[in-house]
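Quick notes on the structure that follows.
The values are calculated or read from the model by the stated rules, or taken from the named source; none is laboratory data. Predicted model only: the values in this text are computed from it and were never measured. As a convention, Cβ positions derive from the backbone with ideal geometry for all residues, glycine included, and neighbour counts pool all protein chains shown.
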Amino acid sequence: MTDSKHNETICTQQNNTNNFQLALWTLAWVASTAFLRFGAEYIWDYQAAYSIIALITHLALGAAMIMVNVKHLSNIDELQRKITMDAMCITLGVGLIAGIAYEQLEDIKLITFEPEINHLIMLMAITYIIATLIGNKKYQ
Amino acid sequence: MKNRLKVLRAERDWTQADLANALDVSRQTANAIEKGKFDPSLPLAFKIARLFTLPVEEIFFDDPP
């Protein structure tokens, strides 16, 4: 047990590397989303060939982000995995239920504007953060 | 599920960080298992048993309802 500090440092470094990789790929995917949307409008004036290239890049980065996330999940320990999976489960449920209800709001004339996917994504992001914080608090 | 991890750890003069490193889990996980807040998987329970060279049932025991 004398080298516990050293092992802890290696473990922390590994986690930091995984988190950094996940953050990097997520950032690349978010940037590609913006590039796809605003590039078409301001750079290549909606030319189909460029839009298709940007779309394929966006989807490829999204696929890479998913793979890195799966790798991240397999590298964390079982309690951390449980907290993350619980948060993902709650986020999926909230996203599905709130998304469908939100979509119906316009149909049943409770709101006058068209529901936007951005609002749902924000709700899911906030739900995930809160669920993760609660999970971490629960197992402290 | 209850366990004797705290006692076994104290007998060996290990910190929670020592235990976490020996089991290759985070300190949060070692702490949650020790406090009975989180039940480890069978592979992790056997790893703990091997670490303390004890049968699993001498470390973990059922918490009657």
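Some observations on this one:
- Test: residue in region A:33-56 that is buried (at least 16 other Cβ atoms within 10 Å of the Cβ), among the hydroxyl-bearing types (Ser, Thr, Tyr) and in contact (Cβ under 8 Å) with a residue 12 or more places away in the chain: no
- Looking only at region B:8-26, and only at residues there that are at the interface with chain A (Cβ under 8 Å from one of its Cβ atoms) and in a helix (DSSP H, G or I), the one that is surrounded by the fewest Cβ atoms within 10 Å (Cβ to Cβ): B:17
- Among the residues listed as A:126, A:134, A:90, the single one being under 13 Å from the mean Cα position of the chain (by Cα) and at pLDDT 95 or above: A:126
- So residue A:79, is it surrounded by 12 or more Cβ atoms within 10 Å (Cβ to Cβ), more than 17 Å from the chain's Cα centre (by Cα) and at pLDDT 95 or above: yes
- Residue tally, condition outside any loop (DSSP other than H, G, I, E, B) and exposed (fewer than 10 other Cβ atoms within 10 Å of the Cβ), over region A:102-124: 2
For every residue, the table says whether it meets (1) in contact with a Ser or Thr (Cβ under 6 Å, 6 or more places away or on another chain); (2) away from every other protein chain (no Cβ under 14 Å); (3) of a type in the set (D, E, K, R).
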site	(1), (2), (3)
A:38	no, yes, no
A:48	no, yes, no
A:54	no, yes, no
A:107	no, yes, yes
A:134	no, no, no
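- Within region A:82-101, the only residue that satisfies the criterion of being within 14 Å of another protein chain (Cβ to nearest Cβ), surrounded by 18 or more Cβ atoms within 10 Å (Cβ to Cβ) and of a type outside the set (A, V, I, L, M, F, W, C) is A:84.
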